[in-house]
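*Asks:* Okay, here's the structure, questions in a sec.
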Amino acid sequence: MKQSNCDAAPLKQTIKEELRQVITSLQQSLASMDSQEDCLLTDLEQIKGNFLTIEMQAATFYLNCYLSPFTEKYPELSICVQNMSKRRHGGLIVFERKDAVDHLIKPGIHIGAELTHSLLESIFFPGNPLHDGAVLVRSNRIVSAANVLPLSDIYTGDKKLGTRHRAAIGLSERSDALIMVISEETGRISFAFNGSLHPITSHGIL
């Protein structure tokens, strides 16, 4: 399998520079608090956005590292998730890594085809009978679709998370699989790994 460059040094340097900018913004806000009556919500929103950007950059980098030993289909995956995100087509894609997941999921419909962005997009097209379940990817092939994943034991009561996100976290709590989620409501892309959910940038997964 293709090995991506997982040298974190450039990423760390970028994050350091952006954190310095955040610190500068915080210092400016602190200095102006006693001298102005303006609402600080705009400053806080900007700082929050900066932290989210840093998190997404780091998550995108580690997504590449986690997946690169197990699939070569980055170009196809990138096109797929970007198109689905723009159209707000929900999706749930399981990438099996070292741990077999067959015994953890309720099997759906066998596909047994090479992973392509057009096939993935058609599976998750609204109205397709397979679009509500999860696609299982092993290496460079789509094994099956419409699979049902176990829901998270930890986030079952979190109303902020939809069923797709709780299912993604649930499988990641039980295996080393990496599960990508495209939100139908917002178009946002994230991945679940080791029981945690991470947002990523749609243009940076290659």
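The values are calculated or read from the model by the stated rules, or taken from the named source; none is laboratory data. Please read all numbers here as calculations on a predicted model, not as lab measurements. Note that we place each Cβ from the backbone using ideal geometry, even for glycine, and neighbour counts take in every protein chain shown. SASA here: full protein model, heavy atoms, side chains in, ligands and nucleic acids out. Shrake-Rupley method; radii C 1.70, N 1.55, O 1.52, S 1.80 Å.
*Asks:* Looking at (1) more than 17 Å from the chain's Cα centre (by Cα); (2) in contact (Cβ under 8 Å) with a residue 60 or more places away in the chain; (3) outside the structural domain of L178 (by the TED database), find the lone condition where K48 falls short.
*Replies:* (2)
*Asks:* When region 112-145 is examined, which residues are found to be among the β-branched types (V, I, T) and not in a strand (DSSP E or B)?
*Replies:* T116, I123
*Asks:* Pick out the one residue from G127, G90, G112 that is surrounded by fewer than 18 Cβ atoms within 10 Å (Cβ to Cβ), of a type outside the set (K, R) and within 21 Å of G187 (Cβ to Cβ).
*Replies:* None of the others qualify; the one that does is G127.
*Asks:* Then there is this: Would you pick out the residues in region 144-167 that are among the charged types (D, E, K, R), under 20 Å from V101 (Cβ atoms) and open to solvent by less than 70 Å² (accessible area, probe 1.4 Å)?
*Replies:* R164, R166
*Asks:* If you check R141 against the conditions, is it open to solvent by 40 Å² or more (accessible area, probe 1.4 Å), basic (K, R) and either within 20 Å of K73 (Cβ to Cβ) or in the same structural domain as T53 (by the TED database) (or both)?
*Replies:* Against the criterion (open to solvent by 40 Å² or more (accessible area, probe 1.4 Å), basic (K, R) and either within 20 Å of K73 (Cβ to Cβ) or in the same structural domain as T53 (by the TED database) (or both)), R141 qualifies.
*Asks:* So which of I79, I93, I54 is assigned by the TED database to the domain that holds G162 and at pLDDT below 90?
*Replies:* I79
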